[in-house]
1. Taking region 221-237 on its own, how many of its residues are in a helix (DSSP H, G or I) and either within 16 Å of the ligand (Cβ to nearest atom) or open to solvent by 10 Å² or more (accessible area, probe 1.4 Å) (or both)?
2. Would region 356-370 turn up any residue that is in the same structural domain as residue 412 (by TED's automatic domain parsing), touching a Gly at 6+ places or on another chain (Cβ under 8 Å) and within 16 Å of the ligand (Cβ to nearest atom)?
3. What about residue 42, is it assigned to a strand (DSSP E or B), buried (at least 16 other Cβ atoms within 10 Å of the Cβ) and in the same structural domain as residue 249 (by TED's automatic domain parsing)?
4. Specify which of the listed residues (202, 240) is assigned to a loop (DSSP other than H, G, I, E, B) and more than 14 Å from the ligand (Cβ to nearest atom).
5. Can you pull out the helices (runs of 4 or more DSSP H) entirely within region 260-371 that have at least 3 residues that are within 23 Å of the chain's Cα centre (by Cα) and either modelled with pLDDT under 95 or under 18 Å from residue 387 (Cα atoms) (or both)?
6. I'd like the full set of residues that are out of contact with any strand residue (DSSP E or B) (no Cβ under 7 Å at 6 or more places or on another chain) and either within 16 Å of the ligand (Cβ to nearest atom) or small (Gly, Ala, Ser) (or both), limited to region 5-29.
7. For region 366-392, which residues satisfy the criterion of being surrounded by 24 or more Cβ atoms within 10 Å (Cβ to Cβ) and touching a helix residue (DSSP H, G or I) at 6+ places or on another chain (Cβ under 6 Å)?
8. What residue, of 138, 115, 109, 157, is at pLDDT 95 or above, over 27 Å from residue 79 (Cβ atoms) and over 25 Å from the mean Cα position of the chain (by Cα)?
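The values are calculated or read from the model by the stated rules, or taken from the named source; none is laboratory data. Please read all numbers here as calculations on a predicted model, not as lab measurements. Using ideal geometry, Cβ is built from the backbone for each residue, glycine included, and neighbour counts are taken over all protein chains shown. What goes into the accessible areas is simple: the full protein's heavy atoms, side chains included, and nothing from ligands, DNA or RNA. Shrake-Rupley method; radii C 1.70, N 1.55, O 1.52, S 1.80 Å.
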Amino acid sequence: MTLKKVLKALKPLKGSIIIPADKSISHRAVMLAALAKGKSVIKNFSQGADCKSTLEVFKMLGTDIKFQSTDTLEINGGILIPSFNPYRCGNSGTTMRLTSGILAGQKFDSVLTGDESLSKRPMGRIIKPLTLMGALIDSVDGHAPLTIRGKSLTGIDYISPIASAQVKSCVLLAGLNASGVTTFEEPALSRDHTERMLKYMGAEINIESNRVSVKKSELAPKTIEVVGDISSAAFFITAGLIVKGSDFVIKNVGINPTRVGILDVVKRMGGDVEVLNHRIISGEDCADIRVKYTEELQGCSIGGEDIPGLIDELPVIAVLASQAQGETFVSDASDLRNKESDRIFCLVKELRKIGVDIEETPDGFIVRGKTLLKGGEELESYHDHRLAMSFYIAGLVCREEILINGFEWTKISFPEFEKLFSVLSD
Ligand code: S3P
């Protein structure tokens, strides 16, 4: 395990960076291109390990995938061929949950496995709707490995108890190959990349706010250019707001309305962030974001319908809140306990070590600021990429250096993280 030393930032962060590709969109691009008959091209594909897991799974399923360059893929899709070996999804919940939706309706059986963390994450949330559609799935008490016996599927009208893009996408992808109409309704709108891409590739899809329906559809191959990941940009947005004197531009950030919760929270906190050059790329909203150091941030309440739009950003929002006056109250986020780690427990435990005034609640946390962080401690990443990067940002405003154990896990979503930091701090 790599121990990363992080020192207090002594200079403002300046300049500009291009944020790397969105992880969620990259996964979906491979999957939908694998289903579409003919040649699709994916440009600006994520270099993270999670998306590599999806690529490997679809290669095993017989999809013809060629690299035109490190981040441009040519995919000739249309048929899936079974493999006798298990499909290894690594650390990636998106790979496992979405691929299960595709495999449930095939004419062959499949086994999906995950690493230690993924094997602890709940799969009942996809097994339940897929089973209602006629799928046959064995699990270890609702956990991976999953054994999927391919069956003919029938559309359902599913009212999901949770807002989850992974569950929604799983059901919609199963619906592409099911008879009748498949409808998914969720309590709040989660990220809608699957819906947008399905529309872009010609699927029969109907969207009415939190309710979406698909019919059995053939997809048309397309060129998909992946926009930058706002969840990766969130670390830089936070750093810019809290490192004295910073002023820089983050280019090519995906600003899909279902993902911009971090920008709303920053506005509520009084942070100086500007959205520039709004454009549409392959059906997704994209912009450049200018961020400036903001001396007087204010704590705020975050809960309810805010949560799906910033679920992955909550660890770094805790760091931001430690530098804001007053209380930041996060609620309705109990699903954070089901991520790559129990992100409520682990976050609170580690941030307390460096002096953050943070309290765990059953469904979130409360941060009281503004605090001069002391640092001088070793923090554990719990093999969780977003915790590792959040702690790095906290380290930039600690009086003494910190150490982060397991920093190499940043490779899961954002292998370029540190290199991009050095661009702004040179
Ligand atoms: C994702 C959806 C979210 C998110 C995850 C990626 C996706 O998970 O936390 O990092 O790509 O659909 P849930 O659907 O479990 O909320």
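1. 6
2. yes
3. no
4. Only one candidate passes the filter, namely 202.
5. 314-322, 343-353
6. 9, 23, 24, 26, 27, 28
7. Those that are surrounded by 24 or more Cβ atoms within 10 Å (Cβ to Cβ) and touching a helix residue (DSSP H, G or I) at 6+ places or on another chain (Cβ under 6 Å): 367, 379, 381, 385, 386, 387, 388, 389, 390.
8. Every option except 157 fails the conditions.
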